[in-house]
1. Net charge near Tyr234, counting Lys/Arg +1 and Asp/Glu -1 over other residues with Cβ under 9 Å of its Cβ?
2. Beyond 12 Å, what share of the Cα-Cα pairs of region 576-637 is found? Please give it as a whole percent.
3. May I ask you to compute the full-extension gain from Gln426 to Thr302, defined as 0.36 nm times their residue separation minus their alpha-carbon distance, rounded to one decimal in nm?
4. Calculate, in nm to one decimal, what Ser209 and Thr57 gain on full extension: separation in residues at 0.36 nm each, minus their alpha carbon distance.
5. When only DSSP loop residues count, what GluC sites (Glu not before Pro) in region 189-260 have their Cβ near at most 13 other Cβ atoms within 10 Å?
6. Tell me which residues come under 5 Å, amide H to amide H, from Glu87 once H is placed; ignore anything under 5 positions away on its chain.
7. Which three lengths, in whole Å and largest first, does region 225-297 cover when its Cα atoms are put on their principal axes?
8. Could you work out the local net charge near Leu105, counting Lys and Arg as +1, Asp and Glu as -1, over the other residues with Cβ closer than 13 Å to its Cβ?
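Only the coordinates and a few stated rules stand behind these numbers; no lab work does. Keep in mind the model is a prediction, meaning the values are calculated, not measured. Please note: Cβ atoms are built from the backbone with ideal geometry, for glycine as well, and neighbour counts cover all protein chains shown.
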Amino acid sequence: MAVAAATPALRLGNPAANALLVIQALEKAAAEGAELVVLPELCLTGYSCGDLFGQRTLLVGAQKALAQVTEATARLGLTTIVGLPLEVSGRLFNVAVFISKGNILGVVPKTHLPNVGEFYEQRWFASSRVANFKEVELLGRVTPFGTDLLFQATDLPDCVVGIEICEDLWSVQPPSGAQALAGATLLCNLSASDELLTKSSYRRDLVHSQSARCLAAYVYAASGAGESSTDIVYSGHSLIAENGTVLGESERFRFELSLLVTQVDVDKLQNERRKNSTFFGTTAPYVPRTIGFELGHPVGTTPKLRRRFSQQPFVPADAQRRDENCQEIFAIQSTGLARRLRHTGARQVVVGVSGGLDSTLALLVTLEAFGRLGLDRKGIIGITMPGPGTSVRTRMNALKLMEALGITAREIPINEALDKHLADIQHPANKHDVTYENAQARERTQILMDIANQVGGFVVGTGDLSEAALGWCTFNADHMSMYHVNIGVPKTLVRHLVSWAAHARHVGNERALLEDIVATPVSPELLPVGKEGEITQQTELLVGPYELHDFFLFHLVRNAFRPAKILWLAEHAFAGKYDQAEIRHWLKAFLTRFFSQQFKRSAMPDGPKVGSVALSPRGDWRMPSDAEVTAWLAELG
């Protein structure tokens, strides 16, 4: 859904003028496709009116302005939340009014009234705590009143709106926490926070932290520079966050209208809540009064996807953040392996080195772990096992890399053993089927395991997260090891990790070798090479592009999205690169493999989780090996 935080260029103490300015803001927000617009605290009068709040002229003017705004929402076909002072039974409340398409549906009063430093709200306003009534008369109609009000979209039931006002967020127990537990997925804050040195960063931290703590979206609309500058200045610092991520932030210190529009994914938020036992295991402190409203789209607009979805959700687009992530992941991998080495007392390990990306990353991680423990790198036994499909490029890179890194290097060709094995099981030597391919993988694993026994060490696995998701590994072959250092790393990130390590940990010839490995096509090299010794079998031509599969994996497991939604997002993310038919084809292939290959993941070796998606049956993903994919495929048609 599209939401907006709007800060009009208000006229202090002039409700009639402010009504027109608010309507202009709503018109612009509607033109931008916003379905719900949050406006600042006391925006129909201005927050900094001081003792003018005691003047009936200002209070009556605010209600007249409210009537105009309400009429405008009917014409525009949108929902908004506006702030104004409201007198009830001799008490003045600082309130937010929820208006949807010409109907005032509820009034939420402020609870925490700051009365320190530059703030002295208790001079004029009463807290919600003293309100012993549940309804008020507003513009001639009886309207629900209270902090227990939530507003649920009838046409998007996952959208449940909770409201708090400025200081409520800064308090020890913000009302939004209770609102989230009671079902609110979209938290809205009407604010008049003033601007001080470094306060903007603190405010930003509050908003994104509360959105993460509540597993919710948070829209924060702040008063702008039109407020009084007698002693303090207001900057109009608005923010929109979703579960710990800031989606948008307004430019500060503007005198003209400031409008921040983005989309929040309430489906994603509900999925997060279903998985979070801390959240769903906590009792809501009250039963809310939930009021229905129709969200819909503004009159005359066509809904569109406003948010950008990365083609590679596992890989940060920002180079600096990507390098920071690579450093952190490398540390997690090497620490996990170092801990296993300390526990077992092993001083030697065996790594199968193919000259490809995955085995290279495993070797570099092993080298780092040995260095951290002060172990001799000669205790790392790298074994390259060329076979019928081994290319000249990968074989030479494997040998050169092991030599350059100073580990113990061994080359054990498997051709003769493979021929003997195929003959023993009466398999035609020229029949290059799955038996032919898997026999090579199992022969290599047998060698690794047996040499590990010889030296009293263990085998470090090389397979990655994407291969585990697709089951693109031979059961009881490359599927197996004593410790799988790459199992938490998706394929789209492996290349970046090796590239980062090449530049952060290595120089000269070592770096050049690693850079060439990074540029090598991904292949299991299980089919005979070409006439020039080149790779003939490329994984992505067989199972599909890894960038698509990692996109599918992230949104299926991390976000629990339905296949139709994943398809829709992929169409937008990869527009111009893959058409819908291609994406649908590979998504069906991914789902089919993901379901059918669970039995391999159920028997996965130990290995470190490095990100928010993991498939270990002991860590994150518990799925029956017999689950059927039928319903998921049916949704794609």
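1. Net charge around Tyr234: -3.
2. The calculated P(r) of region 576-637 puts 71 percent of pairs beyond 12 Å.
3. Values: separation 124, 0.36 × 124 = 44.64 nm, distance 6.49 nm.
Taking Gln426 through Thr302 to full extension adds about 38.2 nm, to one decimal.
4. Once the chain is fully extended between Ser209 and Thr57, it gains 50.7 nm.
5. Details: sites: Glu195, Glu227, Glu242, Glu249, Glu251, Glu256; in loops: Glu227, Glu251, Glu256.
Those that pass, being in a loop and sparsely packed, are Glu251, Glu256.
6. Phe93
7. For region 225-297, the Cα spread along each principal axis is 48, 28, 27 Å.
8. The answer is +1.
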